[in-house]
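This report refers to the structure that appears directly beneath it.
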Amino acid sequence: MKVVIFGASGMIGQGVLRACLLDPAVTRVLVVVRSPLGISHPKLREVIHQDFTDLSAISGQLVGLDACFYCLGISSFGCSEAEYTRITYDCTLAAARAVSASNPGLTFTYVSGEGTDSSERGRTMWARVKGRTENALLAMPMDAYVFRPGYIHPRHGAVSRTPAYRVLYALTSWLYPLLHRLAPRHTTTTEHIGRTMLAVTRPGAVEQRILYSPEINRLGGGSGDAATKTG
């Protein structure tokens, strides 16, 4: 299987990239990034590109793909609706159109978030924009899946690019096993998200198009706190 990852430098993308490199069924991993990841692996190939709203310059490299794992995103904190829409909606749809155009039968997975507003009319800006993005993806003629995780625990050295989040995770990571026991339906890990993205590419693996933490943990190989214990 040949896959492309957008957002491989982010915390979730790091988990997805690791899962792809470890999975023997994945033979090639293409990552579209703004700067080199600094990782070397026989299956890994990087494409450096700056404008994620226009992928026409690299369209010739987005061929022969079986799946696209879209993990690119930003925090809405301190972000205008216009800028958040550009990153969350415009960039995502540009990628979906680019990869689906040349790869019939491709599976597209998008990392959204718990609390997303599918009506697109709610008061919370980020939830409206993500809802609009989800709706557009699910309406496209491709095999699309939306992930709506709650709290995501970083595994295997995955690190958030947002400084405030890095501090938060550093201070609270030891609490994750307790958090998962208290709220198992709202917690997962980067490891489970990566494994589940690969799982949904298998025919008949899942019927629903929108997956929450319980489905992510089940398809990803068990419960979230079990992954924490096994390393």
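The stretch between E120 and H186 holds 21.5 nm of extra length on full extension. This uses 0.36 nm per residue minus the Cα-Cα distance. Among the protein heavy atoms, those of T189 account for about 0 Å² of accessible surface (1.4 Å probe, every chain in place). Length available on full extension from S102 to I39: 0.36 nm per residue minus the Cα-Cα distance, which gives 20.0 nm.
So how much accessible area does K130 have, in Å² to the nearest 10, using a 1.4 Å probe? Probe radius 1.4 Å; accessible area of K130 about 30 Å². With all protein chains in place and ligands, DNA and RNA left out, the 1.4 Å accessible area ranks F147, F77 as F77, F147, largest first.
Here the relative contact order of the chain, from alpha carbon pairs under 8 Å that lie six or more residues apart, stands at 20 percent.
Take the Cα of Y151, step 7 Å toward its Cβ, do the same at R86, and the gap between the two points is 3.4 nm.
The values are calculated or read from the model by the stated rules, or taken from the named source; none is laboratory data. What you see is a predicted model; the values in this text were computed from it and never measured. All Cβ positions, even for glycine, are placed from backbone atoms using ideal geometry, and neighbour counts span all protein chains on display. Only protein heavy atoms, including side chains, enter the accessible area calculation; ligands, DNA and RNA are left aside. Shrake-Rupley method; radii C 1.70, N 1.55, O 1.52, S 1.80 Å.
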